[in-house]
1. What FRET efficiency, computed as 1/(1 + (r/R0)^6) with R0 = 56 Å and r the Cβ-Cβ distance, is obtained for LYS91 and ALA316, rounded to the nearest 0.05?
2. Could you work out the relative contact order of the chain, using alpha carbon pairs under 8 angstrom and six or more residues apart, expressed as a whole percent?
3. Taking the Cα centre of the range 277-353 as origin, work out the dipole magnitude from +1 charges on Lys and Arg Cβ and -1 charges on Asp and Glu Cβ, in debye rounded to 20.
4. Which percent of Cα-Cα pairs in the range 10-56 sits in each 10 Å bin, short to long?
5. Assigning unit charges at the beta carbon (Lys, Arg +1; Asp, Glu -1) and nothing else, what dipole magnitude in debye, to the nearest 20, does the chain show about its Cα centre?
6. Can you list the HN-Hα couplings for the range 226-236, worked out from phi with the Karplus curve (6.51, -1.76, 1.60; θ = phi - 60°), rounded to whole Hz and with x for Gly and Pro?
7. Would you be so kind as to identify which of LEU346, ALA261, TRP177 lies farthest towards the positive end of the dipole of the chain, taking Lys and Arg as +1 and Asp and Glu as -1 on Cβ and the Cα centre as origin?
8. Rolling a 1.4 angstrom probe over the protein heavy atoms, how many square angstrom per residue are accessible across the chain?
Amino acid sequence: MKDILHPLCLAIAGTGFLFLLRDLGRSRRDRALVALALTYGFSAISYAVSLTWVWVRIDGILGTNASVPLAQSCVILVFALQATVLAYWSKPAAEARRRSRALLVAAAAVIAGMAVLFALLTPATTRPADFATYYAHDPFYQAYVLLYFGTYTVAECYLARSCWKYARTASRPSIAWGLRLITVGAVITLGYSTIRIGAVVGAEAGFGVRQLDPFAWACGDIGATLTQIGYFLPTLARRTAAARDWTTAHLQYRRLHRLWAALDQADPGITLRRPASHRGELLRGRSAHFPLLRRRVEIRQGQKLLRRYLDPAARAESETRRAAEGLTGADLAAAVTADQISAALLRHRADEPAAAPAEYADAELPLDTTEDELAHLQRVAAYFVPPSASPAVPAGTISGARS
């Protein structure tokens, strides 16, 4: 059972660590993020060491069953780091730092005690599968178990209680669901520690729990996996939202291209800086947020330069035609504005300013935020059709046309 579940847990822990490692390069001062990354890192080490073939290799190098204290010391550090993450998520920074130091000191003391007790065990052959039940009658191992699994049980009870409490006041759904998942995982892992402690008690009371060993591993691995997913859920939600924003910005940037290119061709002065190839930016994984904001400004500047070419008759004709198509509200204003720009470009090309220029149909729209304006320009770009009477232009002469 152990060698079936441990590789899956190792994959989850290792993936979580690699994801967070990338974020650490940008936010090294985020102590909660550092603690969370180390949580996944030490979890991955504990699972890797517990794999049978790794266990045997380490025991051959460091000594019989040396993998046990190494893996379990990592678990103790994981508990301290998990509690540290909760402290930084729920306490003021100063109090969280004090609690973090206390937790790490307590973890170091437990690990030191485990090392001493383990060193007193009677040497024997390596036991990667049944170590706990094999040593159940050894008094030093019994003390070792009580120290390790006592700490394990207290830590899981603390996690379950704290996460359930904080989930009620979490500011984001992903955090609330993550904390609830940690609670469920912590409760399940109590089955693991209960069986291990039961093995020691049974050795003295005359009953055995060897048949429950696969169930113990299942409780430990399934519970720990749920806990890891719970801690990672807020990060995954944030990364998913960031990826969605990145993709949306590139799509919006691309959708504005045809409108921007027509205005840029009419007056290249609206573009202060020639845009890089959009395909190249995509391949490099660069964000389009700033280029998108710059494109918004350039389109609005192009509209201003065309204002004296806005024919009132063209606006009236467009309003009648678009209304007949069933458009109303913001969609009607966007469609009419797109038609006005197309007609103004023709007049600009012929150098025929309007005697009494009209206003843009979107002049009175309540576009209070940048997001509102970008959404409106997306609608304008969707309705915009470049003037059909434009002269042929050799490929590559329109600046930015391949952006």
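The values are calculated or read from the model by the stated rules, or taken from the named source; none is laboratory data. Since this is a predicted model, take the numbers as computed values, not measurements. Neighbour counts run over all protein chains shown; Cβ positions are idealised from the backbone, glycine included. Note: areas computed on protein heavy atoms with side chains; ligands, DNA, RNA excluded. Shrake-Rupley method; radii C 1.70, N 1.55, O 1.52, S 1.80 Å.
1. 0.30
2. RCO, the chain: 12 percent.
3. For this selection, approximately 540 debye.
4. Answer for the range 10-56: a P(r) of 30, 44, 20, 6 percent.
5. 840 debye
6. 4, 5, 4, 5, x, 5, 7, 4, x, 5, 5
7. The residue sitting most towards the positive pole is ALA261.
8. 51 Å²
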